[in-house]
Amino acid sequence: MQAVSCGLTIGFVVMALACGGAGTKSEPKGAEQKQSEAKKVYSRDEFRQAILNKNQDDVIALIGKPNRTTESGYWYYADIVKDPISGKLEDNIQVVFEHGKVVRVNY
């Protein structure tokens, strides 16, 4: 009878360990990283003032890498500037560089 009791106890311990702390709630591993990677949302004026006259390295340091670039030196961003009329996030913000500096932002 002791052997059966001992075997059941070991079985329960193994099951508890296999569940990895069942009953405890924790964030998925990627959730914290996604929150820290969340981009700031700017008004049009805030965005323009933040990057105007900055070089490419400064722009990347401030707001991150662009969603896409062109050979003619235009950078495009999406979902970081709020349209003042609709309240929706802009999906095609064009950043124009001349002589290595931002000279214009088009919405």
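Sum up the charges of everything whose Cβ sits under 15 Å from the Cβ of Ile51, counting Lys and Arg as +1 and Asp and Glu as -1, but leave Ile51 out. Overall, the nearby charge balance is +2. In the complete set of protein chains, residue-level accessible area for Arg104 is approximately 100 Å², probe 1.4 angstrom.
The solvent-accessible area of Tyr76, taken with every protein chain present and a 1.4 Å probe, is close to 30 Å².
The values are calculated or read from the model by the stated rules, or taken from the named source; none is laboratory data. In this text the structure is predicted, and so the values were computed from the model without any measurement. FYI the Cβ positions are ideal-geometry reconstructions off the backbone, even for glycines, and counts take in every protein chain you see. The area values use the complete protein model at the heavy-atom level, side chains included, leaving out ligands, DNA and RNA. Shrake-Rupley method; radii C 1.70, N 1.55, O 1.52, S 1.80 Å.
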